[in-house]
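Only one structure is covered here, and it is reproduced in the block below.
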Amino acid sequence: MTVGLRLALNVFAWFLAMPVLFVSAAALESHRILSISNHMALMTAVVLSLWAGVIYWRCVPGTPGMWRRAGYLAAFLGVMFLLGWAAMWVTFVVMLAIYGA
């Protein structure tokens with residue numbers, strides 16, 4: 001598996017994790033199995049931030065030059081920010097479709 005494909009698959013899984021986490025937590029909350037709704041956004045943000053760090057560390061190729069590595073970091077952070085924003089809206093639409101307005 002190439003580095004680019006591994007990076008793309010990890011980022012796609014990261015993108016899908018936000019709706020899955022929120023729907024799972026809402027299902028547990030509605031069945032009174034687990035009460036974490038007060039801290040769900042914070043826990044999700046921490047988990048996804050740590051996961052993004054692991055993705056960058058494991059999947060973004062190393063370079064001998066500091067400036068190229070800084071460019072990779074800036075591009076990675078920009079893409080992850082946009083994907084996080086899109087995942088937030090996907091989560092909103094999914095939760096609205098499941099639980100209504």
Average Cα contact separation per residue, the chain, under 8 Å, 6 or more apart, as relative contact order %: 41
Trypsin sites (Lys or Arg not before Pro) within the stretch 19-101, DSSP loop, no more than 12 other Cβ atoms inside 10 Å: ARG32
Inter-probe distance in nm under a simple model that places probes 7 Å from Cα toward Cβ, at LEU73 and SER49: 1.6
Rounded FRET efficiency, nearest 0.05, which uses the C-beta distance separating MET1 from PHE81 and R0 of 35 Å: 0.85
Distance between modelled label sites at ALA17 and ILE98, nm, 7 Å Cα→Cβ extension: 1.8
Shape parameters for the stretch 11-84, alpha-carbon atoms, Rg then Dmax in Å: 15.8, 53
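A short reminder: the numbers here are calculations on the coordinates, not readings from a lab. Computed from a predicted structure; not experimentally measured. Counting neighbours? That spans all protein chains shown, and the Cβs are built from the backbone with ideal geometry, glycine included.
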